[in-house]
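Trainee: Below is the structure I would like to discuss, written out as structure tokens.
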Amino acid sequence: MINKNLLQATIQKYFLAGRHNMVKWRVKDNILTIFAGEAGRACKVTLNNFPLQDCELGIFDTDKLTKLLAITNGDLILTLQGQKELHNILNIADANFDLTYTLADPLTIRKTKWVNDPPSYEVEIDLEKEDVTRIIKAKSALSESPNMLITTRLDDGNPICEFVFGDMSGYANKITYKLQGNIAKNDLSIPFDAEMIKDIFNVNKDAEVAALKISEKGLLKLVFSNEDIESTYYILRNE
């Protein structure tokens, strides 16, 4: 059995408000691993203690799966139907419901390209839960602004990293959030998709540990983890 809320949290971490609807679920030794991504981004989510046999499942419509899970409660029993290694049905049952979700052939779902870390990152920051919450609030307060600028500079001789939301020309509304950490370069100025950053932070508010890394070439890495789930994201700068 697996708790409904835990499974939903895992799905939302890769689904990202509808960005990754078609994925493969890989189960090995009771660990569920999901890779997802499109141009300019990639993510990997793992869930420990996932009670299902070793398999590879084609999740053709994550949105439909989330709607089915929404009507369940408490602990869920997951079982598979199919022939040999090709499973075409995922059964989901709680105390009241028996649900059937149709699976796709995993071969019809394209492989997600993964990312190799650069030799080093110019910015490395451990994020507190309050940092995650405050950055979400900053983007929400300026919801009309699509971009976010991440900059580094010296503040009274101390290197800081800033998340800048809003008008970059200085003539309209703007929010700047400051963070400290290991910052090796003090003149970075890199634009990223603010809405995507907010959505990533929003689905990882339950993380006990979080970290941010940035390379000077414009690669942002975010890692979140708790006892059950780990999620990793790579995002390329906006051009």
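Trainee: What order do you get for His20, His87 when you list them from fewest to most C-beta neighbours inside 10 Å?
Mentor: With the fewest neighbours first, His20, His87 line up as His87, His20.
Trainee: Longest span of the chain, sites excluded, free of chymotrypsin sites (Phe, Trp or Tyr not before Pro) in DSSP loop with at most 14 other C-beta atoms within 10 Å?
Mentor: Longest site-free region, per DSSP loop and neighbour criteria: 1-96.
Trainee: If you place +1 on the Cβ of every Lys and Arg and -1 on the Cβ of every Asp and Glu, how big does the dipole about the Cα centre of the chain come out, in debye to the nearest 20?
Mentor: Taking the Cα centre of the chain as origin, the dipole is about 500 debye.
Trainee: Listed here are the pairs Lys129/Lys198; Lys139/Lys185; Lys28/Lys67; Lys13/Lys67; Lys111/Lys185; Lys28/Lys113; which of them are more than 23 Å apart at the Cα?
Mentor: Over 23 Å apart, Cα to Cα: Lys139/Lys185; Lys28/Lys67; Lys111/Lys185.
Trainee: Fewest to most neighbouring Cβ within 10 Å: what's the order for Met148, Met196, Met22?
Mentor: Sorted ascending by nearby Cβ count, the order is Met22, Met196, Met148.
Trainee: Sorted from fewest to most neighbouring beta carbons within 10 Å, what does the list Lys205, Lys13 look like?
Mentor: Ranking Lys205, Lys13 by Cβ neighbours within 10 Å, fewest first, gives Lys205, Lys13.
Trainee: Given N residues in region 2-108, what is Rg(Cα) / (2.2 N^0.38 Å)?
Mentor: Here the Cα radius of gyration is 1.01 times the empirical estimate.
Trainee: Write out the GluC sites (Glu not before Pro) in region 121-151 meeting two conditions: DSSP loop, and at most 15 other Cβ atoms within 10 Å of their Cβ.
Mentor: Those that pass, being in a loop and sparsely packed, are Glu128, Glu144.
Trainee: Report the dimensions of the chain along its three principal axes from the alpha-carbon atoms, largest first, rounded to Å.
Mentor: 64, 35, 29
Trainee: Using only alpha-carbon positions, what ratio does the radius of gyration of region 60-117 give when scaled by 2.2 N^0.38 Å?
Mentor: 1.38
Trainee: Along the charge dipole of the chain, pointing to its positive end and built from +1/-1 on Cβ of Lys, Arg, Asp and Glu, which listed residue (Ile11, Thr100, Phe163) has its Cα farthest out?
Mentor: So the residue we want is Thr100.
Trainee: So which DSSP H runs in the chain come out at 15 Å plus along the axis (Cα) with average Kyte-Doolittle of at least -1.0?
Mentor: Length and hydropathy pass: 4-15, 129-141.
Trainee: Another question, then. Which one of Leu78, Asn202, Trp25 has its Cα pushed farthest toward the positive end of the charge dipole of the chain, where Lys and Arg give +1 and Asp and Glu give -1 at the Cβ?
Mentor: Most positive-ward Cα: Trp25.
Trainee: Would you mind computing the Rg to Rh ratio of region 123-236 from its alpha-carbon coordinates, Kirkwood style for Rh?
Mentor: The Rg/Rh ratio comes out at 0.95.
A short reminder: the numbers here are calculations on the coordinates, not readings from a lab. Computed from a prediction, not measured in an experiment: that's the story for all the values here. No Cβ is skipped: glycine too gets one built from the backbone with ideal geometry, and neighbour counts run over all protein chains shown.
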